[in-house]
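Structure, as structure tokens:
The values are calculated or read from the model by the stated rules, or taken from the named source; none is laboratory data. It should be emphasised that the depicted structure is a prediction, and the values quoted were computed from it without experimental measurement. Cβ placement follows ideal geometry from the backbone for every residue including glycine, while neighbour counts extend to all protein chains displayed. The area values use the complete protein model at the heavy-atom level, side chains included, leaving out ligands, DNA and RNA. Shrake-Rupley method; radii C 1.70, N 1.55, O 1.52, S 1.80 Å.
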Amino acid sequence: MVSVEPGMEWFRCSERVERRGVALVLHGLNLNPARMAAVIAALNDGGIDALRLSLRGHGDNFRQREGMDAAQSRLEDFKGVSHSLWFRETLKGFEESRKSAHANRAPLFLVGFSYGALIGLDLLAARPDAAFDRAVLFAPALSLRGWDYAIRLFAPFPKMIIPSLAPAGYLANPGTPIAAYNALFETLDHFESHIGSKLNLPTLVVMDPGDELVSLGGIRKLAETHNLDQWRFHPVQNRGSRLNRALRHIVIDEMSVGREAWAEIKTAMAAHLRQDPP
């Protein structure tokens with residue numbers, strides 16, 4: 001692991017493995033970026049260097065405040081995030097990963113979970129200079145199940161904290177401030193206003209059909225409506241999950257989906273990314 005700056009860390013594949021690409025890896029809303037470790041390990045095993053981006057309020061991307069410890073400072077920064085801030089950070093991550101891909105004459109991949117998948121696609125859709133060869137999207141937050149309507153009522157109270165139902169070991173912070181949800185909704189609105197043909201790149205969507213936060217049917221409809229005929233779907237069943245069975249949004253490691261399902265996901269991801277870029 002090599003830190004570029006707070007919020008950006010490189011995980012390079014072994015020199016014994018043929019380098020096959022570079023991936024920009026983006027985490028989910030209030031997910032501890034370190035929980036992307038299993039995804040990154042699978043990428044490295046396949047000869048893909050990974051740049052893990054931590055958005056403000058996650059990981060080590062926060063400003064230390066006097067009189068506060070790291071956790072308190074991180075949460076305080078989380079209360080002041082916005083779509084524009086996270087978009088700029090994602091752009092910096094893209095530029096860093098693109099530089100490495102160009103230097104190594106390797107394809108560039110987008111790998112994102114939940115909000116990370118959304119902000120990555122938002123960048124791709126909205127920036128003329130943004131381009132990826134392929135993408136792997138874990139439970140992308142592109143079509144919400146309707147729970148957002150209740151949270152939107154609290155938009156005027158950005159510092160209010162909503163407790164998270166995810167296991168503590170997966171969380172970047174104990175709860176999620178309304179500011180972060182506002183940023184999510186802003187990102188979704190921005191993405192929807194920029195959807196176009198650029199999104200029709202070879203894409204693997206990995207998610208549980210019973211996802212409690214994101215609608216697989218809604219994402220399939222989005223792909224159909226916008227003629228995203230290069231998108232492929234890998235439905236996941238979490239029968240072997242060691243998490244609460246009601247939590248089916250997290251599909252990024254063996255603990256969340258079980259050994260068999262995780263092995264299948266890794267195989268599908270490797271096969272998808274091994275293909276020559278279009």
A117, sole failed condition from (1) of a type in the set (G, A, S); (2) open to solvent by 10 Å² or more (accessible area, probe 1.4 Å); (3) assigned to a helix (DSSP H, G or I):
(2)
Filtering the range 249-276 down to residues that are farther than 18 Å from G112 by Cβ and assigned to a loop (DSSP other than H, G, I, E, B) yields G258, Q275, D276
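Here's the yes/no breakdown for (1) open to solvent by 30 Å² or more (accessible area, probe 1.4 Å); (2) of a type in the set (A, V, I, L, M, F, W, C); (3) in a strand (DSSP E or B); (4) in contact (Cβ under 8 Å) with a residue 60 or more places away in the chain:
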site	(1), (2), (3), (4)
F132	no, yes, no, yes
A135	no, yes, yes, yes
P140	no, no, no, yes
A150	yes, yes, no, no
G169	yes, no, no, yes
A183	no, yes, no, yes
Those residues of the range 142-170 which are in contact with a helix residue (DSSP H, G or I) (Cβ under 9 Å, 6 or more places away or on another chain), under 30 Å from R242 (Cα atoms) and among the hydrophobic types (A, V, I, L, M, F, W, C) amount to L142, L144, I151, I161, I162
What do you reckon, is P158 open to solvent by 10 Å² or more (accessible area, probe 1.4 Å) and either within 20 Å of E224 (Cβ to Cβ) or assigned to a strand (DSSP E or B) (or both)?
no
Test: R63 is open to solvent by 70 Å² or more (accessible area, probe 1.4 Å), under 30 Å from M269 (Cα atoms) and not in a helix (DSSP H, G or I):
no
Among (1) crowded, with 16+ Cβ neighbours inside 10 Å; (2) more than 25 Å from I40 (Cβ to Cβ) - the single one R145 does not satisfy
(1)
Would you confirm whether any residue within the range 10-23 is small (G, A, S), touching a helix residue (DSSP H, G or I) at 6+ places or on another chain (Cβ under 7 Å), buried (at least 16 other Cβ atoms within 10 Å of the Cβ) and part of a loop (DSSP other than H, G, I, E, B)?
no
Taking the criterion of being assigned to a helix (DSSP H, G or I), open to solvent by less than 20 Å² (accessible area, probe 1.4 Å) and over 21 Å from L165 (Cα atoms), would at least one residue in the range 66-74 satisfy it?
yes
Would you confirm whether or not the range 213-224 contains a residue that is part of a loop (DSSP other than H, G, I, E, B), at pLDDT 95 or above and closer than 21 Å to A23 by Cα?
no
Options R259, R232, R242: the member that is in contact with a strand residue (DSSP E or B) (Cβ under 7 Å, 6 or more places away or on another chain), of a type in the set (K, R) and either free of Cβ contacts under 8 Å to residues at least 40 places away in the same chain or under 22 Å from L108 (Cα atoms) (or both):
R232
Go through the range 88-114 and give me each residue that's assigned to a helix (DSSP H, G or I), closer than 24 Å to D189 by Cα and among the hydrophobic types (A, V, I, L, M, F, W, C).
L91, F94
Please determine, by comparing only the residues of the range 115-158 that are more than 9 Å from the chain's Cα centre (by Cα) and of a type in the set (F, W, Y), which one is nearest to P33 (Cα to Cα).
F132
